[in-house]
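We did not get these values from a lab; they are worked out from the coordinates using the rules stated. Only a predicted model underlies this, so the values are computations on that prediction, with no experimental measurement involved. With ideal geometry, Cβ positions are generated from the backbone for all residues, glycine too; neighbour counts draw on all protein chains shown.
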Amino acid sequence: MNIAVIGEGIIGHIIASYLGDKKYNVDCISPNINEIKEHAGVNNYLINNFSENKTISPKLKRKDLNKIRIETEKIFKKKCSNFEGLELANKMGLAKFWGANLGYEGLSKDIKSLKLTKGEWDYIKKKIPFMNVQNFYKKRFNWDKKTAFVNKHNFFKSSTLAVYENKIKDNSLKGFKPSKEIFGNFPIERTSFTRINGRVLKIQTNEKPKNESCYLLIETEENIYSKKYDYIIVASGAIGSFRLVMDSFNLYQNNKLFHKINHHHILSTLVFLPKMPYPRKYIGMSNLDASTNYENLSLYLNFFPFRSLIDIYKLELIDGEKSLVNKIRICIVNFLENLIKNFYFARWFFHRLYITNIYLPADVTSSYIGIKNDKLFLIGGLRSDFEKYILKRVFNKLVKKLKLYDAYNLLIKPRSISVGADLHYASSLSNYLKKDGTFKLKNIPKNIIIADSSSSEYLPAANPSLYFISRAIKLVRKIHS
Ligand SMILES: Cc1cc2nc3c(=O)[nH]c(=O)nc-3n(C[C@H](O)[C@H](O)[C@H](O)COP(=O)(O)OP(=O)(O)OC[C@H]3O[C@@H](n4cnc5c(N)ncnc54)[C@H](O)[C@@H]3O)c2cc1C
């Protein structure tokens, strides 16, 4: 049986491997921008200034990411209004730069509700490494008493990262730099599927509904051709899958129809955790997670060592312009680093300081995706009472709750990141699809399955990729010879 998986982001990669390991003939079609080559026509000013003045993850400022982003936008065109809308046409897609937080504890109920078989769950665990950060500290630094705090409160949970623990050599990991330890940062070269370096222009179906043969119109560097498949699995990301499905089935005849795209808006603040220090050599990625609720709003929190922010800032300065101002800034950062290294009190304080990202549920945003005059549009927005209700009431309640768990917020007002820069997108196609990822529309055959987050009405509050991977594994269950 011939199966096509469209897109090699993390979902496409895992699904293509899963089906390939089951001995199906799997083609995974995805463009692969070579980030090493010098990109002709890429404006260096743009590389340095993309997303300037916007509050975003520091990773979005990385030069390598922005090179890929600019090249991607040449093939996947869209217009974003007040919405970051990131697509990356490289192997592993967004997961090449992700935070690798599996949101494992926060997603446990959601994943359980999928009722995966033991074999399916074992497959996921075989493919993706699961590293418990606090256990790592415990093993490497005898950090027992400190991690006891996590267990005592049962509010904070250790973050579980998609990181190969045994590959961490010097007991630390700067998570914002590309590294072999982080799953997804580098492509996995040996696969059980065939990679086609190209882009799917269209899914083509037979006019007679009973005839379920499907074809893909594929564009590679060399040519454009059509290939027949028994099953087509769409995993092109919440934005990419929307574009492909709309183009293939002319679903945008009504130009005015826009669909809600679910995403988490993020607030960011500084929190002091006196009882929860991180060691001298730390994991510069999320160390702790927490879930809480306020008036039916589920909130999810990731805690990053404050020192990782200093590391990122230093790297940005070293990478940036060689101006006098930057040199002075580098001196200040070096001074701060030495202070932390050499003075007990400075280290005591800074190693208990965390950048805290608060993921808000999709209910607080009103962002839309649609096609107008053949162009893909993303329009970002927040609920009208965002300022009054979320930034003031919900945030103040959260601050009070944190205090109960010996966690002290240090900012009067949190920073609110740019709309869409949370990069967890979902639900763009859910209006057209059944729960099993096939189309409600009768003229579209059942052997086309939309397996990524675009087909899910629901976006969990926690970092969602592990949920969407599990869900995709469930959706392809029906494939058998
Ligand atoms: C900085 C950053 C930090 C993040 N941190 C976390 C985290 O800690 N935890 C977490 O759970 N999530 C995190 N995320 C989000 C996570 O990375 C994404 O949700 C996830 O990678 C989405 O995977 P995907 O496979 O659905 O889509 P994508 O990664 O978007 O992949 C889609 C692929 O499909 C290809 N494609 C698109 N259209 C076509 C077409 N027509 N033909 C062929 N191929 C096509 C694209 O080129 C791409 O390779 C983060 C993201 C970023 C950028």
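Details
- Put simply, when 193-201, 157-165 are sorted by average Cβ atoms within 10 angstrom per residue, most first, you get 157-165, 193-201.
- R0 of 25 Å, Cβ-Cβ distance Y313-K341: FRET efficiency to nearest 0.05: 0.90
- Neighbourhood charge, 14 Å Cβ-Cβ cut-off, centred on G99 and excluding it, Lys, Arg +1 and Asp, Glu -1: +2
- The chain - Kirkwood radius from inverse mean 1/r over Cα pairs (Å): 23.5 Å
- By the equivalent-ellipsoid construction on the alpha carbon gyration tensor, the stretch 367-426 comes out with semi-axes of 33, 12, 9 Å, ordered largest to smallest.
- Unit Cα scatterers, Debye sum, the stretch 370-481: log10 I(q)/I(0) for q = 0.16, 0.19, 0.22 Å⁻¹: -0.93, -1.10, -1.25
- Cβ-derived FRET efficiency at R0 60 Å, K79 paired with S172, nearest 0.05: 0.90
- A cut-off under 12 angstrom between Cβ atoms defines the neighbours of V394, and their net charge, with Lys, Arg +1 and Asp, Glu -1, is +3.
- Chain lengthening between S213 and L410 when straightened (0.36 nm per residue, less Cα-Cα): 65.0 nm
- Within the chain, antiparallel bridges make up roughly 75 percent of the DSSP beta bridges whose residues both belong there.
- Relative to the longest principal axis of the Cα atoms of the chain, the long axis of helix 306-319 makes an angle of roughly 70 degrees.
- Put in order of Cβ neighbour count within 10 Å, fewest first, the listed residues I444, I283, I75 become I75, I444, I283.
- Restricting the calculation to Cα atoms, the stretch 73-195 yields a radius of gyration followed by a Dmax of 17.7, 53 Å.
- Pairs with C-alpha atoms separated by more than 30 Å, drawn from the list K22/K96; K77/K109; K227/K440; K78/K401, are K77/K109; K78/K401.
- Computed [θ] at 222 nm, deg cm²/dmol, the chain (DSSP H ≥ 4; -39,500 (n - 2.57); rounded to nearest 500): -9000 deg cm²/dmol
- Scattering from the stretch 179-286 was approximated by placing one identical point on each alpha carbon and applying the Debye formula without solvent; log10 I(q)/I(0) at 0.12, 0.15, 0.20, 0.23 1/Å stands at -0.73, -0.92, -1.25, -1.38.
- Taking Cα atoms only, the orientation of helix 144-153 departs from the longest principal axis of the chain by about 70 degrees.
- Average projection area in nm² (convex hull over Cα atoms of the stretch 432-477, one quarter of hull surface): 3.1 nm²
- The chain: angle of helix 237-249 to the longest principal axis, Cα-based, in degrees nearest 10: 20 degrees
- For the stretch 296-447, the orientation-averaged shadow of the C-alpha convex hull comes to 15.6 nm² (one quarter of the hull surface).
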